[in-house]
Amino acid sequence: MLVQYLVGLCALRWDAEAVDVSVTLGGMVEDVASETARDVDVTVTASAPDGGVHAFKGYEVKHWKNKLDVADVEALVAKFNDMPSVTHRAIVTTSGYTEPAIRKAAHHGVDLYVIA
């Protein structure tokens, strides 16, 4: 949970230009494929100066011993793809990624971050 807090704090900094930023740890997001609400580790809603929402970011956070491999990233990509309300998708880890996992995320437009 400590890593989720750190990601939430970083997200506030990344969206410093926004007028209103809301960070939620463990927020529930609609999954249209399963027709259920699913947990996303960190969600960030950033509003534009005119009051409209310009971003709804989802971050999955993994604090694992080993690097995330292609199967791990693929599963998270599929989860995000079933959540059309999430406009920006990212995975954050403390252990890094394998090269195939990096290519898979890039192909699907999912940003990868490492907390070192």
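Surface calculation, 1.4 Å probe, protein heavy atoms: S34 sits at approximately 60 Å² accessible. Subtracting the Cα-Cα distance of T24 and N81 from their residue separation scaled by 0.36 nm leaves 18.5 nm.
Extending 7 Å from Cα along the Cβ direction at D50 and again at K67 yields two label points whose distance is 4.4 nm. The chymotrypsin sites (Phe, Trp or Tyr not before Pro) found in region 60-116 that occupy coil by DSSP, while having at most 13 further C-beta atoms within 10 Å, are W64. Annotation for region 60-116: trypsin sites (Lys or Arg not before Pro) lying in DSSP loop with at most 13 further Cβ atoms inside 10 Å of their Cβ are K65.
Projected label points at D39 and H108, each 7 Å from Cα along the beta carbon direction, are separated by 2.0 nanometres. FRET efficiency for the T94 to E74 pair, using the beta carbon distance and R₀ = 25 Å, is estimated at 0.80. Overall, the accessible surface of region 73-116 at a probe of 1.4 angstrom is composed of carbon and sulfur to the extent of 55 percent.
The values are calculated or read from the model by the stated rules, or taken from the named source; none is laboratory data. This one's a predicted model, so the numbers in the text were calculated from it and none came from an experiment. Don't worry about glycine lacking a Cβ; one is built from the backbone with ideal geometry, like all the others, and counts go over all protein chains shown. The protein model used for the area step is the full one, side chains on, heavy atoms only, and it has no ligands, DNA or RNA in it. Shrake-Rupley method; radii C 1.70, N 1.55, O 1.52, S 1.80 Å.
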